[in-house]
1. If Asp349 satisfies every condition in (1) out of contact with any strand residue (DSSP E or B) (no Cβ under 6 Å at 6 or more places or on another chain); (2) farther than 23 Å from Gly238 by Cβ; (3) at pLDDT below 95 but one, which is the exception?
2. Applying the selection to region 119-154, what residues are of a type in the set (D, E, K, R) and either within 24 Å of Trp358 (Cβ to Cβ) or in contact with a helix residue (DSSP H, G or I) (Cβ under 6 Å, 6 or more places away or on another chain) (or both)?
3. Scan region 68-80 residue by residue and report those that are modelled with pLDDT under 85 and not polar (S, T, N, Q).
4. Name the single residue, out of those in region 34-65 being part of a helix (DSSP H, G or I) and open to solvent by 60 Å² or more (accessible area, probe 1.4 Å), that is farthest from Pro87 (Cα to Cα).
5. Does Val258 satisfy being more than 25 Å from Gln172 (Cα to Cα) and surrounded by fewer than 19 Cβ atoms within 10 Å (Cβ to Cβ)?
6. Here is a check on your reading of the model: is Val250 closer than 21 Å to Asn376 by Cα and more than 15 Å from the ligand (Cβ to nearest atom)?
7. For Ser222, work out the one condition from (1) on the phi > 0 side of the Ramachandran plot; (2) touching a strand residue (DSSP E or B) at 6+ places or on another chain (Cβ under 9 Å) it doesn't fulfil.
8. Looking only at region 264-276, filter to residues that are more than 10 Å from the ligand (Cβ to nearest atom) and under 18 Å from Thr228 (Cα atoms); which one of those is surrounded by the fewest Cβ atoms within 10 Å (Cβ to Cβ)?
Amino acid sequence: MNGKRILLIVGGGIAAMKAPALIRLLRAEGAAVTPVLTQAGAQFTTAMTLSVLAGEAAHDSLWDIASEAEIGHIQLSRNADLIVVAPATADLLAKMAHGLADDLASTLLLATDKRVLVAPAMNVRMWHHPATQRNLRTLRDDGIGFVGPEDGDMACGEYGTGRMSEPEAIVQAIRDELTPQPLKLLPEAQVRTGALSGRHVIVTSGPTHEPIDPVRYIANRSSGAQGTAIAAALRDMGARVSFVTGPAEVPPPEGVEVIRVQTARQMRDAVEAALPADAAVMAAAVADWRIRNSSARKMKKDGTGKAPVLEMTENPDILAWISLAESRRPRLVVGFAAETNDVIAHATDKRLRKGCDWIVANDVSEGTGIMGGTENAVTVITEEGAEEWPRMAKDAVARRLAQRIAGAIG
Ligand code: CTP
């Protein structure tokens, strides 16, 4: 971070008390920090504290005559390599989402064309409120970076999501922002141009196999056909696709990066390694449980006629894992819901519970012929409600979904 300048906006909230520690860590890494304090932030820490630690004056007024004469707010954001908002309150995020500029902090945020990283901090109910969630989506679409919030005890005595990330985690996120990750690009010849060119999409597909012993496993009936068709459709629109697939019946498409896995845990690790991404489409039928007491050796009958007892334990939920942590969340996350009854109600609940943007729901009850078949009848659940698509070939569902994804992130 040597020589980099960070404009640190400190919003109002108990987490503002962590701002001095954050400045100390950043300075120790060689960064210069220009602190900006909102009026609410000044209730929790002082301009003097921030100035002393930063080694330069903290700014707290839009109407500072001396610097305003040099078009102060424009200059402040122009000089920065990165703007960090920590803590970012619900109010500040709402202002950012709506482009309000009624104080120095919000004016700086509107006047900048630099990368902005926010570390939200607020009460759990404020975090989950539909208005905040709507603002977060807008900010994500605007390309704002997020670190946290974390789960934990809140100053108000409640427990849940809303605690600001610790200064060390924020510094790590700043480091990541300032050192762009090189993209692992496919050879140019394989990338087709289109509405999604330059976009990276992760697609999970197929079943997972959860071992009982080296020769036996628990699996499901997913063929991988729908996930494979989606990966191919995204590729055809120019996206770079990381295709993380369990042991599927259908071969993976050409022209995508194929990462083969067996278990849910391997799938989660492969998704993590493929990040960052602009979108994630989680079409895999991930096993919800794995065997806790799986055996390294083939299990043998012991002659007593007694069957072994298999103990199950829950697998990581990859969709929730990628959706609910702002630091890793792609701008668009699409989940699937395979249901056998009350499809829309279950899928709507799943969308909220797992924190994804859309759920592609289908009825996999016996007789529909969908699981393992070539056709699909889906209902797409978004924030706006449920949209029923006519029954069509899985390829056609994939193309329509890819078009929609291009509309959202293209
Ligand atoms: N999923 C996941 N990781 C899991 C389980 C599911 O990423 N461990 C994803 C699937 O890829 C899919 C979505 O979550 O996009 C919904 O999968 P589904 O099996 O329908 O939901 P469940 O998590 O099993 O929920 P429930 O048990 O309530 O049906």
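The values are calculated or read from the model by the stated rules, or taken from the named source; none is laboratory data. Being a predicted model, the structure only gives us computed values, none of them experimental. Neighbour counts run over all protein chains shown; Cβ positions are idealised from the backbone, glycine included. Ligands, DNA and RNA are stripped out before the accessible areas are found, and what is left, the full protein with its side chains, is counted by its heavy atoms. Shrake-Rupley method; radii C 1.70, N 1.55, O 1.52, S 1.80 Å.
1. Condition not satisfied by Asp349: (3).
2. First, the residues of region 119-154 that are of a type in the set (D, E, K, R): 125, 134, 137, 140-142, 150-151, 153.
Arg134, Arg137, Arg140, Asp141, Asp142 - these are the residues of region 119-154 that are of a type in the set (D, E, K, R) and either within 24 Å of Trp358 (Cβ to Cβ) or in contact with a helix residue (DSSP H, G or I) (Cβ under 6 Å, 6 or more places away or on another chain) (or both).
3. Glu68, Ala69, Glu70, Ile71, Gly72, His73, Ile74, Leu76, Arg78
4. Residue satisfying both the conditions and the ranking: Ile65.
5. The answer is yes for Val258.
6. yes
7. Only one criterion in (1) on the phi > 0 side of the Ramachandran plot; (2) touching a strand residue (DSSP E or B) at 6+ places or on another chain (Cβ under 9 Å) is unmet by Ser222, namely (1).
8. Step one: filter region 264-276 for residues more than 10 Å from the ligand (Cβ to nearest atom), giving 266, 269-270, 272-276.
The next check asks that each one be under 18 Å from Thr228 (Cα atoms); those that pass are 270, 274.
Working: Ala270: 19, Ala274: 21.
The extreme case among them is Ala270.
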